[in-house]
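Have a look at the structure below before the remarks.
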Amino acid sequence: MPDVLLVSVEDWASVSYAYARALRAVDVDALAITAKLHGFDYTKQAKQVPVESWRNYFADSQIIVNMHSREHTGKLPGKHLAVFHGGAKYRETPKLYNDIFNRYVDVSLIQTGDLLGLGAKNEVWTLPPIDLETIKPRLGIHGDKLKIAHYPRHAEDKGGPAVNRVVELLQASSKLNSLFDYSFTSEHVSWPESIARMADCDIYIEAMAPTHLGKPHGAWGITALEAAALGKIVVTNFAHAELYRKTYGFCALQVANSETELELVLRRLLAMSTRELENLQVDSREWVERAHSYEAIGRRLKEVFETYCGDALPVLFDPVAYWERTGGIKGNADSTNGVESGIIFSWLVQKNLLKGSILEVGPGQGNTFNSLRRFADLTDYRMVDFVQSSRELCRQTTSVLPDAWDGKALPYASNSFDAVISADVMLHVPVQDIDTFVAEHARVSKKWLIVSSYVGLYDGKSRAPLAPHCFRHAYEILWKRYGLSVIEKHLTHDRSRCLWLLAKERQ
């Protein structure tokens, strides 16, 4: 039986199945069961189990999640319990459901920002993940005109009339009308058909619904994530964008919270060049990969359950503990290999940095340093690491002891080094720490950064799961966020790894 069991009478939008997949992606045994399969014909769904048979699954489960604000289980002695609130029922009568669930749950998972602060016990904003292996990106502008689409399953709930009014206003302009075609339908189709028709547009308008059932709303749904995963520019309402930024980081959605804002956003997009639009499409896909992959949401759920459900699950990955426990980074192979070392050396020569001050963050056993000094003398090359066993291992192989570091703020003043190198390190940084990690690299560099890391395949093939101590990041978004321009980049290892030469835009 699973450690985490998610139960639903009907699994709306297949969310419980997605959460179970997310938890399994971070090595938590999880299962979603539902009494009724969804009518949207999802290709992958929760396991269908009649309600009267659910107790067969309860005995060996450590945490049981009651999905979609429904009283499925009641109090179960000896079990950790959670509830997921994510739809119209809870929005309409939150007190009713809080009175039911707050009596016995340890934590409340909240799907949309408008449902926060309504009285749920120990509420945590927990947005859903997307199956990035099934939903492949379809990038690029493929016609002479932009194709704008709006395909709400329930037009009134998604603000279909408001969207159509704005589009009709733009169509009335002969100049703007010549720039785009518009496709609208609220016809119910299967999930694969829904994905296929969204893949055929360039800009997808997801919602314009500031209220729902007379209550504040302004939230986007799973369709927005699906469209973004397809690499579409997604326009939608988002009344809690600032809270999202503080909780999850960068968001690639084009936000419009009124008809006036929607008109302005669409006019701005129509005025963009093809390259600018295609960059926004790439941002969309990379945003979902960073914040809403199975791995990203799985780590968030795991952390939530560890916080509110005691020792029911294994402890989250701790980089310092992991590398100390394994005795540092060992192995005979040079992680940067000859090809990558040669590229790094050529960049150092090209930018006249060999005689400058260089900092390498996370040198491991010193492979990069040993490779580079075969090419030339390095007169001012320093290393820093937060793993004591790695520092000692590096000293043994290079005769240089790296500086000590706490893994957070680098122990140097701003603009201390002509170049900062991070070779095969950032893939080991957990998602919740990567922003600080990149920001510190940028802070201590005068101008240049050289980074190599795992990026997965760029050719649309599915990516194999990573080891528990490895993480995927949306690097191109991170570079933009911290004022770093990509001067040059190289893909290696069958296009699964990338080296970047980066320059600070603001010194």
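The values are calculated or read from the model by the stated rules, or taken from the named source; none is laboratory data. Keep in mind that this is a model prediction, so the values were computed, not measured. Methodologically, a virtual Cβ is constructed for each residue, glycine included, from the backbone with ideal geometry; neighbour enumeration extends over all protein chains shown. These area figures cover heavy atoms from the full protein model, side chains too; ligands, DNA and RNA do not enter into them. Shrake-Rupley method; radii C 1.70, N 1.55, O 1.52, S 1.80 Å.
Tabulated data
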| read-out | value |
| --- | --- |
| Sorted peptide list for 5-15, 259-269, 469-479, criterion being average Cβ within 10 angstrom, highest first | 5-15, 469-479, 259-269 |
| Long-range HN-HN contacts of A32 with modeled amide H, under 5 Å | L6, K47 |
| F375 accessible area, 1.4 Å probe, all protein chains in place, Å² to nearest 10 | 110 Å² |
| Convex hull (Cα only) mean projected area of the stretch 53-139, reported in nm² to one decimal | 7.7 nm² |
| Cα centroid separation, the stretch 155-204 to the stretch 439-454 (Å) | 42 Å |
| Rounded to the nearest 20 debye, dipole of the stretch 178-219 from Cβ charges on Lys, Arg, Asp, Glu | 280 debye |
| Cα-projected label distance for K145 with K215, points at 7 Å along beta-carbon direction, nm | 4.0 nm |
| Theoretical gain in end-to-end length, L401 to R197 [0.36 nm per residue, Cα-Cα removed] | 67.7 nm |
| Nitroxide proxy distance, nm - points 7 Å out along Cα→Cβ at T185 and N122 | 4.7 nm |
| Cα gyration tensor, the stretch 128-208 - rounded (a/c under 1.5), prolate or oblate | oblate |
| Shape category assigned to the stretch 129-279 from the gyration tensor of Cα positions, a/c cut at 1.5 | rounded |
| Two-site FRET efficiency, K75 against R245, from Cβ-Cβ distance with R₀ of 30 Å, rounded to 0.05 | 0.20 |
| Spin-label pair A409/I100, simplified geometry with 7 Å Cα→Cβ offset, distance in nm | 4.9 nm |
| Gain in span if fully extended, E276 to S485, counting 0.36 nm per residue against the direct Cα distance | 73.7 nm |
| Whichever lysines have a C-alpha closer than 16 Å to that of K75, once near sequence neighbours (fewer than 8 apart) are set aside | K121 |
| Relative contact order [Cα under 8 Å, 6+ residues apart], the chain, whole percent | 11 percent |
| Share, in percent, of DSSP beta bridges within the chain that are antiparallel, nearest 5 | 25 percent |
| R0 of 25 Å, Cβ-Cβ distance D60-D27: FRET efficiency to nearest 0.05 | 0.90 |
| Computed FRET value (nearest 0.05) for E259 with K355, which takes r as the C-beta separation and R₀ as 45 Å | 0.15 |
| Positive-end residue of W287, A46, V361, charge dipole of the chain with Cβ unit charges | V361 |
| Principal axis dimensions, the chain - Cα atoms, whole angstrom, descending | 70, 67, 36 |
